[in-house]
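S.K.: What follows is a single structure, and I will ask about it in a moment.
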Amino acid sequence: MIGRATQVVDCRESMGLAKGGGLAQRGTLSEATKPDVIAIAMSPGRRHITKPVCEMTYGLRREGIQTSVLVLEAGTGVPESFPQASRGYGPTFGLNERELEQVARHKIAVLHLGNVRSHVIHKAKEVLAQVNIPVVVVAQCPMDMEDFAKEGIRTRTVKPAHQKTETKGEVVDIVTGITRGATCTRVKLNTLAKVLNKHLAEINAREAEAAKRKKK
């Protein structure tokens, strides 16, 4: 159809929460037909709001980007790797085997896991330590590749220090200024779409080149 592209999405296995079912339940996946992008969100709760993950997803789909959404089962709190002195007694962040498999079958991931810099970095490290996937980090607070590299996370532009443990996956881009619990602006949606289109084009080009070499 001229100017339009139909996308088929495999809906969640359980109904949404809150009035009108607008809040996705923890441990659920809304999967796109083509596994290009997966947006990963924290678990919903009184202090943890998954918005604007759904807005970002709708915006990306309008731009023709096939996007799945995963709401983590244990997406609140901080991972075991977080400094013990600052951990407190809250829940522990982590991914189960099913979620790791769901993430791994996509080409690139968008992480929206909070607004506290140290929490975002350690959560990203927990994901990338287990899945070899490029990641675009989305957050409200300002941060750069140096912040991730200091914690032993592979990034596109900055290498971690030698004494640090590198991750399987890497952070390829960062989009800041997207506030949790608030409507995502059109400017930020456009920025995210441009970033993802750029990296998807690079990934597709590498895959095409690898397929050519395999045929030879």
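S.K.: I'd like the full set of residues that are closer than 25 Å to residue 179 by Cα, touching a helix residue (DSSP H, G or I) at 6+ places or on another chain (Cβ under 8 Å) and among the polar types (S, T, N, Q), limited to region 87-130.
M.R.: Within region 87-130, 118 is the sole residue that qualifies.
S.K.: Next question. Take the conditions touching a Gly at 6+ places or on another chain (Cβ under 7 Å), within 21 Å of residue 34 (Cβ to Cβ), crowded, with 17+ Cβ neighbours inside 10 Å and in contact (Cβ under 8 Å) with a residue 12 or more places away in the chain and apply them to residue 189. Does it pass?
M.R.: Yes.
S.K.: Any idea how many residues of region 66-84 are touching a Lys or Arg at 6+ places or on another chain (Cβ under 7 Å), modelled with pLDDT of 85 or more and among the aliphatic types (A, V, I, L, M)?
M.R.: 2
S.K.: I want to confirm something. Restricting to region 36-48 and keeping residues that are surrounded by fewer than 18 Cβ atoms within 10 Å (Cβ to Cβ) and either farther than 15 Å from residue 119 by Cα or of a type in the set (Ser, Thr, Tyr) (or both), which single residue is modelled with the highest pLDDT? If you could, list the steps in order and put the result at the bottom.
M.R.: Within region 36-48, the first condition is being surrounded by fewer than 18 Cβ atoms within 10 Å (Cβ to Cβ), and the residues that meet it are 45-47.
Of the ones still in play, those that are also either farther than 15 Å from residue 119 by Cα or of a type in the set (Ser, Thr, Tyr) (or both) are 45-46.
Values: 45: 60, 46: 54.
Result: 45.
S.K.: For residue 155, state whether it is crowded, with 21+ Cβ neighbours inside 10 Å and farther than 24 Å from residue 54 by Cβ.
M.R.: So residue 155 passes the test.
S.K.: Confirm whether residue 146 is closer than 22 Å to residue 99 by Cα, touching a residue at least 12 places away in the same chain (Cβ under 8 Å) and charged (D, E, K, R).
M.R.: No, not satisfied.
S.K.: If you go through region 85-97 one residue at a time, do you hit one that is part of a loop (DSSP other than H, G, I, E, B) and either at pLDDT 90 or above or under 14 Å from the mean Cα position of the chain (by Cα) (or both)?
M.R.: Looking through region 85-97, at least one residue is part of a loop (DSSP other than H, G, I, E, B) and either at pLDDT 90 or above or under 14 Å from the mean Cα position of the chain (by Cα) (or both).
S.K.: Does residue 8 satisfy the criteria of being modelled with pLDDT of 85 or more and of a type outside the set (D, E, K, R)?
M.R.: No, not satisfied.
S.K.: Another one. Restricting attention to region 65-80, report how many residues are crowded, with 19+ Cβ neighbours inside 10 Å, part of a strand (DSSP E or B) and of a type in the set (A, V, I, L, M).
M.R.: Total meeting the criteria: 4.
The values are calculated or read from the model by the stated rules, or taken from the named source; none is laboratory data. In this text the structure is predicted, and so the values were computed from the model without any measurement. Reconstructed Cβ throughout: ideal geometry from the backbone, glycine too, with neighbour counts over all protein chains shown.
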